[in-house]
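Working notes for the structure below.
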Amino acid sequence: MATLRRVPAEPIVVPALGEAFDFRIHAIYDWTGQQIRQEELRYRVDLHNMTWAVGVVRELSAAIARGYEPHRSQELEEKLNDCFREQRWPRAARPGQPQFTVRVWVRPDERVRERLRPYWEQRIALECEHELSKLRTEFADDLTRRWRDVLQSLEQDPVTLHAARLTGERFAEVFGQYVTERRQAVPELVTLLTQAVRGHGDLALGPSEYTEAWDVALRTYRRQYGLDEAA
C-alpha cells in the first residue's frame with residue numbers, strides 16, 4: 001500500500017455565523033492507495049485528486065461553520081474533526097484508486113483575533129496575579145508555621161534568652177518581646193491557681209489530690225515562665 005501526506009499552504013476560507021467574519025481551515029490530507037505504486041499515487045494526487053479533496057472538505061466545513069459564532073474557532077475545530085474522524089473519501093474506492101482522510105485546525109478571522117486580544121491580556125494578567133497571590137499565601141503560611149515551631153522550641157529551653165542573643169540583635173529583640181507578651185498573659189492564671197491552692201477565691205476545692213494537682217500546675221507555670229516562687 002502506498003501512502004502520501006499533503007498539507008496545502010493556503011487555508012480553506014468559510015463564513016462564520018452571520019457571515020460577517022470567516023474561519024480559516026488548515027487541513028492535513030493523508031492519502032493511501034491499494035495496488036498502486038508510490039510514484040503513481042503522488043502523480044494522481046498532485047495532478048487531479050487534491051483539487052477534488054479540497055472541494056469535499058470545503059463543502060462539508062462550510063455547512064457546519066455557519067452554525068458557529070466567529071470567536072468559536074476551537075469548538076468548530078473539535079466538531080469538524082469529530083465529523084471527519086474515521087471517514088475516507090471516496091468511501092468505495094476501486095483497486096488502484098487513491099483515498100484520503102483529513103484532520104483540520106481552525107483559526108478565527110484576523111479581525112476577530114484583534115478584538116479578542118484585550119480580553120485575553122486581562123485574563124492572563126488576572127490569572128498570573130491569582131497564582132502570585134496563592135504563592136504569597138503559601139509562603140507566608142509555611143514561614144509562619146516554621147517560626148512558630150522555632151519560637152515554641154526556644155521558649156521551652158531554659159537558656160533561651162541567652163541563646164537568642166547569639167543569633168543577632170534583631171532576632172533577640174523580637175524574641176524577647178514574644179516571651180514578654182506570653183508571660184504577661186500568665187500572672188492572672190497564676191493568681192487563680194494560688195488562690196485555689198490556698199483555699200481562697202470562688203473555686204470550690206475538692207479532695208486533697210485535686211489540691212495537689214493545682215499545686216503542681218502552679219509550680220509548672222512558675223518554672224516555665226521564671227516567675228517568683230515567693231508569691
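Counting only residues that are touching a strand residue (DSSP E or B) at 6+ places or on another chain (Cβ under 6 Å), farther than 14 Å from residue 23 by Cβ and open to solvent by 100 Å² or more (accessible area, probe 1.4 Å), how many does the stretch 71-125 have?
Here the count works out to 1.
Of the conditions (1) open to solvent by less than 80 Å² (accessible area, probe 1.4 Å); (2) out of contact with any strand residue (DSSP E or B) (no Cβ under 8 Å at 6 or more places or on another chain); (3) not β-branched (Val, Ile, Thr); (4) not in a loop (DSSP other than H, G, I, E, B), residue 40 clears all except one; give me its number.
Result: residue 40 passes all but (2).
Give me the pairs, please: first residue somewhere in the stretch 68-82 and over 15 Å from residue 120 (Cβ atoms), second residue anywhere and open to solvent by 80 Å² or more (accessible area, probe 1.4 Å) and part of a helix (DSSP H, G or I), beta-carbon distance under 8 Å, and either six or more positions apart or on two chains.
Matching pairs, first to second residue: 68/79.
Taking the criterion of being in a loop (DSSP other than H, G, I, E, B) and not hydroxyl-bearing (Ser, Thr, Tyr), would at least one residue in the stretch 72-85 satisfy it? If you could, list the steps in order and put the result at the bottom.
Initially, the stretch 72-85 is screened for residues in a loop (DSSP other than H, G, I, E, B), giving 72, 85.
Keeping just the survivors that are not hydroxyl-bearing (Ser, Thr, Tyr) gives 72, 85.
Yes; the residues of the stretch 72-85 include at least one that is in a loop (DSSP other than H, G, I, E, B) and not hydroxyl-bearing (Ser, Thr, Tyr).
Could you please let me know if residue 15 is over 14 Å from residue 105 (Cβ atoms) and within 33 Å of the chain's Cα centre (by Cα)?
Values: over 14 Å from residue 105 (Cβ atoms): yes; within 33 Å of the chain's Cα centre (by Cα): no.
No, not satisfied.
The values are calculated or read from the model by the stated rules, or taken from the named source; none is laboratory data. These numbers were taken from a predicted model, which means no experiment stands behind them. Cβ: placed from backbone, ideal geometry, glycine included. Neighbour counts: every protein chain shown. SASA here: full protein model, heavy atoms, side chains in, ligands and nucleic acids out. Shrake-Rupley method; radii C 1.70, N 1.55, O 1.52, S 1.80 Å.
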